[in-house]
Amino acid sequence: FLDIIAHQVAPMTGKGMEFMLMNSFSTEADTKEALEKTGLDLGKWENMNVLQNKVPKVNEATMGPATHENDELNWCPPGHGDLYTALSGSGKLAELARRGKEYLFVSNSDNLGATIDPKILAHFAASDDAFMMEVCRRTPSDKKGGHLARGKKSGKLLLREAAQVADEDREDFENIDKYQFFNTNNLWIKIPDLKRLIAESGGVLKLPLIVNR
């Protein structure tokens, strides 16, 4: 994946756009080595690399920290939602804003079909929205994945994952006619708005906690 991504983004770097990768403590060294092998100029590693935070695993029986004899197994990366905290806490979000960057396009590294579409960027730039998500229609093969729903109390769109659904609601969750769209995880974010929201939230966006067993 990294080799293909590197060749996709290399022609765009240095033309007003920058390439960044979020790594966990277990992938950082391997990612750096793999990108160096491409021989491509993708920018400085210290600017490119965003390191996820490191959080303790929880023992489900005791609800205390895990105490495995191999300490590396007592820790884990917090998941995709840590992007915002990692960007802010590392100072990279402030640095991007200082250099005049206005927009972030975020995609999963295993989604090789994710590309920066100028038409989507132009639409996003002209809008008043701080955040935009690319979605697709769900098919039968997508029924077990997360989808867009509307909160009963807030009336706002939200992303609902399978781990957040009770067993008795599973059939309804998998109804692709009722819940028609899934998140591609291609996200567009306005940097000034993200900075403001993080500051207003005390440094951490108030996102739902999803249990991963």
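Readers should treat all values here as calculations from the given coordinates under stated rules, not as data from a laboratory. Source: prediction; values computed, not measured. Note that we place each Cβ from the backbone using ideal geometry, even for glycine, and neighbour counts take in every protein chain shown.
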What distance in nm separates the simple spin-label points at Gln180 and Asn111, each placed 7 Å from Cα in the Cβ direction?
2.0 nm
Value of [θ]222 nm, deg cm²/dmol, for the chain, DSSP H segments ≥ 4, -39500 (n - 2.57) each, nearest 500
-7500 deg cm²/dmol
Proportion of all alpha-carbon pairs of segment 58-107 beyond 18 Å (%):
53 percent
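May I ask for the Rg/Rh ratio of segment 58-213, computed from Cα atoms with Rh as the Kirkwood radius, given to two decimals? Mind showing how you got there, number by number?
Details: Rg = 18.1 Å, Rh = 18.2 Å.
Here the Rg-to-Rh quotient is 1.00.
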Apply 1/(1 + (r/R0)^6) to the Cβ-Cβ distance of Glu95 and Val204, taking R0 = 25 Å, and write down the FRET efficiency to the nearest 0.05.
0.85
Students often forget the sequence filter, so: which lysines lie under 19 Å Cα-Cα from Lys153 once same-chain residues fewer than 8 apart are removed?
Lys178, Lys206
Measure up Lys15/Lys195; Lys32/Lys195; Lys57/Lys92; Lys54/Lys119; Lys92/Lys144; Lys32/Lys57 against 32 Å on the Cα-Cα distance and list the ones that go over.
Lys54/Lys119; Lys92/Lys144
Relative intensity, log₁₀ I(q)/I(0), of segment 1-53 from a Debye sum that treats every alpha carbon as a point, q = 0.25 Å⁻¹:
-1.02
Between Ala130 and Lys143, what is the label-to-label distance in nm when each label sits 7 Å out along the Cα-to-Cβ direction?
3.7 nm
Taking placed amide H atoms and a strict 5 Å upper bound, the residues 5 or more places from Cys76 or on another chain that come that close are Val55, Lys57
With T = 25 °C, eta = 0.890 mPa s and Kirkwood Rh from C-alpha pairs, the Stokes-Einstein D of segment 16-83 in µm²/s is about 175 µm²/s
For segment 78-186, build the charge dipole from Cβ charges (+1 Lys, Arg; -1 Asp, Glu) around the Cα centre, then report which of Gly113, Thr139, Phe124 sits farthest towards its positive end.
Phe124
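Order 5-11, 34-40, 186-192 from most to least packed using the mean count of other Cβ atoms within 10 Å. Don't skip to the answer; put the middle values down first.
Values: 5-11: 15.7, 34-40: 13.7, 186-192: 19.0.
Going by the mean number of other Cβ atoms within 10 Å, highest first, we get 186-192, 5-11, 34-40.
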What distance in nm separates the simple spin-label points at Ala34 and Ala163, each placed 7 Å from Cα in the Cβ direction?
2.2 nm
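Using the Kirkwood radius built from alpha carbon pairs, what does the Stokes-Einstein equation give as D for segment 126-176 at 10 °C and 1.306 mPa s, in µm² per second?
Result for D is 127 µm²/s.
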Could you pull out every residue, at least 5 positions away or on a different chain, whose amide H is within less than 5 Å of the one on Met22? Hs are placed 1.01 Å off N in the peptide plane, and Pro or chain starts have none.
Val50
Lys, Arg +1 and Asp, Glu -1 on Cβ, resulting dipole of the chain about Cα centre, debye, nearest 20
800 debye
